[in-house]
Amino acid sequence: MKIAILSCFYPYRGGISQFNTYLLRELSKRHNVKGFNFTRQYPALLFPGKTQYVAKDDDAVSTQSEAVLDTANPFSYLSAAKKIARWEPDVLITRYWMSYFAPSLGSVGRRVKSLVAKQMQKKGKSSPFKNIAIMDNVIPHERRFFDTPFTKYYIKGQDGIVTLSGAVERELKELSPISRVKTIPHPIYNCFGEREDTLTARRHIGIIGSDREIMSKKVLLFFGLIREYKGLDILLKALPLLDDSYIAVVAGEPYGSFAKYQEIIDSPEFAPCKQRLLLNLNYIPDGEVKHYFSAADVSVLPYRSATQSGISSISWNFDVPLITTPVGDLVESVAKAGTGIVTEEITPHSLAKAIEDFFAQNNKERYIYNISSLKQRLSWEGFALQLEEFITELGE
């Protein structure tokens, strides 16, 4: 089977690019697969971070791809479709995580299907071509007026849709009843190296003191891009409710203003625990990720909304349990799977209580055991095989 994947690849940074790279590598073990990249992912004006690209000193995993699509230039849609169709794929996989990409990816997918069909017709053959979507979200967490119509446009051009969580599948069916949909859970990210010694990792990220003092701390990790729906303010307001044995480590680049969080940090209520907050407000390069998760006792996800989380899969890779709020499929993957604790409410007090319960109940070894079982199920090989089965079923 010839499989084209149109999305972001190296040198674009971030979880979507990493996911695409590992999916391409796994599918390539059994199929002829080619990555088609963006010439421009976002216009600079619309990108809320510092850069869209991997830094020169980052050891991010790279893969070969052909840059064909400027998502902001409709004139490139046709040229991109022609380049992909010329390769004559049987399948075009596109990744969808926000409605901004609907016009470009939706248009290219439709055009590739038409062009491939014409090429096969000239050869006297029928076209087996299928458009397949992998959807991280249906409607973005931070909503805009055009989200629904744009998403519907994209969906209508797909022959089959893979969602990464049951929550996304439910949203999808509410928006547009689609029979050709399959949920395949997000695989575990295993591209950030091996877990290292906890003391070494804690010193590396800036926790100071004697060996005994450092190891006595209860380290809470908030990791990844800082966006409104991820609820960093909830964690910051919870920290003063916890005693001096707790340290909160925040590692990730703000997407938008950090002012509201800085206001909490500078408030009189927060003053007594200011020394228990460690901030690194930069995008964390792949080579540094292991230090943060190796240093942590628990990963804290105080989300206001969520479907699934790439951060959870990184946490599991390093055997780090989770404390999360009751949103999306995180309830099932954390509470029901026994990989951590889910708060009762999305409030600072409820989060603080869950954090105290996590350490008081002393269930970390049980959580790690359950994470080990989860890691065996959520492999890249398993994801790719289920995807291949779904594609085959669409052709029957």
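Among Ile207, Ile214, Ile178, which is the only one that is surrounded by fewer than 20 Cβ atoms within 10 Å (Cβ to Cβ), in contact with a strand residue (DSSP E or B) (Cβ under 9 Å, 6 or more places away or on another chain) and not assigned by TED's automatic domain parsing to the domain that holds Phe383?
Ile207
For the stretch 169-198, what are the residues that are more than 25 Å from Val320 (Cα to Cα) and of a type in the set (A, V, I, L, M)?
Within the stretch 169-198, Leu172, Leu175, Ile178, Val181 meet the criteria.
Do you know which residues across the stretch 109-123 are among the charged types (D, E, K, R) and closer than 16 Å to Leu78 by Cα?
Arg110, Arg111, Lys113, Lys118
Kindly state which helices (runs of 4 or more DSSP H) lie completely within the stretch 259-359 and contain at least 2 residues that are basic (Lys, Arg).
none
Of the residues that make up the stretch 322-343, is at least one surrounded by fewer than 22 Cβ atoms within 10 Å (Cβ to Cβ), under 25 Å from Glu288 (Cβ atoms) and among the polar types (S, T, N, Q)?
Checking the stretch 322-343: not a single residue is surrounded by fewer than 22 Cβ atoms within 10 Å (Cβ to Cβ), under 25 Å from Glu288 (Cβ atoms) and among the polar types (S, T, N, Q).
Step by step: first the residues of the stretch 20-65, then only those that are of a type in the set (Gly, Ala, Ser) and at pLDDT 95 or above, then the one that is farthest from Asn190 (Cα to Cα). Which residue is that?
Of everything passing the filter in the stretch 20-65, Gly35 is farthest from Asn190 (Cα to Cα).
Look through the stretch 69-98, keep the residues that are touching a Lys or Arg at 6+ places or on another chain (Cβ under 6 Å) and assigned to a strand (DSSP E or B), and return whichever of them is nearest to Gly395 (Cα to Cα).
This residue is Val91.
If Gly124 passes every condition in (1) without any contact (Cβ under 8 Å) to a residue 60 or more places away in the chain; (2) over 23 Å from the mean Cα position of the chain (by Cα); (3) at negative phi but one, which one does it miss?
Just one mismatch for Gly124, condition (3).
Given the stretch 191-255, what helices (runs of 4 or more DSSP H) lie entirely inside it while holding 3 or more residues that are in contact (Cβ under 8 Å) with a residue 60 or more places away in the chain and aliphatic (A, V, I, L, M)?
In the stretch 191-255, 232-238 are the helices (runs of 4 or more DSSP H) which contain 3 or more residues that are in contact (Cβ under 8 Å) with a residue 60 or more places away in the chain and aliphatic (A, V, I, L, M).
Return yes when Glu393 is under 24 Å from the mean Cα position of the chain (by Cα), outside any loop (DSSP other than H, G, I, E, B) and of a type outside the set (A, V, I, L, M, F, W, C) and no when it is not.
Criteria not met by Glu393.
Would you check if Ser104 is at pLDDT below 95, among the small types (Gly, Ala, Ser) and not assigned by TED's automatic domain parsing to the domain that holds Asp286?
Here the answer is no, as Ser104 does not meet what is asked.
Can you run down the residue pairs with Cβ atoms below 9 Å, 6 or more apart or on separate chains, where the first is in the stretch 362-381 and outside the structural domain of Leu23 (by TED's automatic domain parsing) and on the phi > 0 side of the Ramachandran plot and the partner is at pLDDT 85 or above and acidic (Asp, Glu)?
none
Cβ-Cβ below 7 Å, separation at least six or inter-chain, first residue in the stretch 17-42 and assigned to a loop (DSSP other than H, G, I, E, B), second surrounded by fewer than 21 Cβ atoms within 10 Å (Cβ to Cβ) and among the aliphatic types (A, V, I, L, M): which pairs?
His31/Met1
Quick grid of which residues meet (1) modelled with pLDDT under 95; (2) of a type outside the set (A, V, I, L, M); (3) outside the structural domain of Arg212 (by TED's automatic domain parsing):
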| residue | (1), (2), (3) |
| --- | --- |
| Ile247 | no, no, no |
| Glu253 | yes, yes, no |
| Gly256 | yes, yes, no |
| Gln262 | no, yes, no |
| Ile265 | no, no, no |
| Arg276 | no, yes, no |
| Asn280 | no, yes, no |
| Pro285 | yes, yes, no |
| Tyr292 | no, yes, no |
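Please indicate, with yes or no, whether at least one residue in the stretch 140-151 is hydroxyl-bearing (Ser, Thr, Tyr), part of a helix (DSSP H, G or I) and under 20 Å from the mean Cα position of the chain (by Cα).
yes
All but one of (1) exposed (fewer than 15 other Cβ atoms within 10 Å of the Cβ); (2) among the small types (Gly, Ala, Ser); (3) within 27 Å of Gln18 (Cβ to Cβ) hold for Gly160, so report the exception by its number.
(1)
Taking the stretch 168-194 on its own, how many of its residues are touching a helix residue (DSSP H, G or I) at 6+ places or on another chain (Cβ under 9 Å) and closer than 23 Å to Ser305 by Cα?
Within the stretch 168-194, residues that are touching a helix residue (DSSP H, G or I) at 6+ places or on another chain (Cβ under 9 Å) and closer than 23 Å to Ser305 by Cα number 12.
For the subset of the stretch 86-101 comprising residues that are within 20 Å of His186 (Cβ to Cβ) and in contact with a strand residue (DSSP E or B) (Cβ under 9 Å, 6 or more places away or on another chain), which member is modelled with the lowest pLDDT?
Taking the candidates together, the pick is Trp97.
The values are calculated or read from the model by the stated rules, or taken from the named source; none is laboratory data. Computed from a predicted model, the values in this text were never measured in an experiment. We place every Cβ from the backbone using ideal geometry, glycine too, and count neighbours over all the protein chains shown.
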